[in-house]
Amino acid sequence: MTSTLTAPDPVRTAPAEPPPVVRVSGLRMSYGTQQVLRGIDFTITQGQIVALLGPNGAGKSTTIEILEGFRLRSAGEVSVLGVDPARGDEAWRARLGIVLQSWRDHGKWRVRELLSHFGSFYRPYATDGVTRPWDVDELLAAVGLTEQADKPIAALSGGQRRRLDIAVGIVGRPEVLFLDEPTVGFDPQARQEFHELLRTLADARMTILLTTHDLHEAEKLADQVLILAGGRIAARGTVAELAREFGGEAEVTWTSGGRAHSARTADVSAFVRQLIQDGAEVDDLRVHRAGLEEIYLSMVAGEEAKR
Ligand SMILES: Nc1ncnc2c1ncn2[C@@H]1O[C@H](COP(=O)(O)OP(=O)(O)OP(=O)(O)O)[C@@H](O)[C@H]1O
């Protein structure tokens, strides 16, 4: 009997890498004679949370505004969801979420009314795969504003207002969400809840780019950190990668036979393996690597010294 099975076509069956959601290549931006971005490159894949860090005036907001299509770049290639933001239409814009500053002008609107109102703009952009807008009650629950649903916006606390800003940003169920310094003014609990919300959204495949000055936030949240300094991406990677690349040697401390020891090493695993193999009775072993804050401060100081 001849088999009807044929060898799989390697081209058709190879799992396709999804294209990046954001792709930036050679991006330059000048305001008059001031060059703010001097050629930056990065990509963001679906479901990633990326934190853009950098000192005041580094060009973080400029970069985000170019990606949102609000600002025209001077040069370079940019694509968001496969579209050049300079040519994005309404259907493209409906797939983006943007978290702006508070809706202070709408103080008399009630929370539910405001979300229903903004949500209605997204109805024409629903697809078979994406229900738009987000159901208001579900959205209120997701951002923790169920109890405030019928309150006027003017009666919300600062933290509740910020959650509403986020709800407005995601009411259209965006595929990519941009947030410019989203947690300014949050208390620790609001910040913690906000981080959990962003994680939930990213787990549901939403792609998130945020700017922040809060290094702990970036360390906790970001799958990828981009440090913008001197008009360039001075460093990029996961926090662990940055620590390995720029953090220098790790310090290992331990106690053995009641005595404290410490050593510096570039390869912690090999060091600890050797220590155990040498028969040391090791207690209270700790490894300290430079955290993002130390790396960031030394990167930025280095970039500024070059200018
Ligand atoms: N519309 C504009 N016209 C002229 N210069 C501008 C304009 N917008 C921003 N700049 C300048 O470009 C530089 C980068 O600004 P941008 O707001 O992008 O930085 P940032 O990294 O977001 O800063 P911050 O952390 O202070 O928010 C700054 O020197 C700023 O003064």
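Across region 231-248, computed HN-Hα scalar couplings (Karplus, 6.51 cos²θ - 1.76 cosθ + 1.60, θ = phi - 60°) run x, 10, 7, 6, 7, 8, x, 6, 4, 5, 5, 5, 4, 5, 6, 10, x, x Hz from first to last residue, x flagging Gly and Pro. Counting every other Cβ atom within 10 Å of each residue's Cβ, R273, R289, R259 order from fewest to most as R259, R273, R289.
Note on K60, K108, K220: ascending count of other Cβ atoms within 10 Å places them as K108, K220, K60, the fewest first. Each of L100 and Q189 was given a label point 7 Å from its Cα along the Cα-to-Cβ line. The distance between the two points is 3.1 nm. So if I take the centroid of the Cα atoms in region 122-183 and the same for region 39-103, what is the distance between those two points in Å? Taking the Cα centre of each part, region 122-183 and region 39-103 sit 20 Å apart. Neighbour counts of other Cβ atoms within 10 Å put D128, D203 in the fewest-to-most order D128, D203.
Hey, what angle do you get for helix 268-277 against the long axis of the chain, alpha-carbon based, 0 to 90 degrees rounded to 10? The angle comes out near 40 degrees. Sequentially through region 38-48, phi angles give Karplus couplings (6.51, -1.76, 1.60; θ = phi - 60°) of 10, x, 10, 10, 6, 10, 10, 9, 4, x, 7 Hz, Gly and Pro residues having no value and appearing as x. Simple rule: put +1 on each Lys or Arg Cβ and -1 on each Asp or Glu Cβ in the chain, find the dipole, and look at S30, T238, P133; the Cα lying farthest toward the positive end is S30. Can you pull out the GluC sites (Glu not before Pro) in region 252-307 whose DSSP state is coil and whose Cβ has at most 11 other Cβ atoms within 10 Å? Hits after loop and neighbour filter: E281.
Quarter the surface of the alpha carbon convex hull of region 159-294 and you get the mean projected area, 11.3 square nanometres. Couplings for region 77-88, taken from phi via the Karplus curve 6.51 cos²θ - 1.76 cosθ + 1.60 with θ = phi - 60°, read 10, 9, 9, 10, 6, x, 10, 6, x, 5, 10, x Hz in order; Gly and Pro are left as x.
Readers should treat all values here as calculations from the given coordinates under stated rules, not as data from a laboratory. Note that the structure is a prediction, hence the values are computed from the model and not measured. Counting neighbours? That spans all protein chains shown, and the Cβs are built from the backbone with ideal geometry, glycine included.
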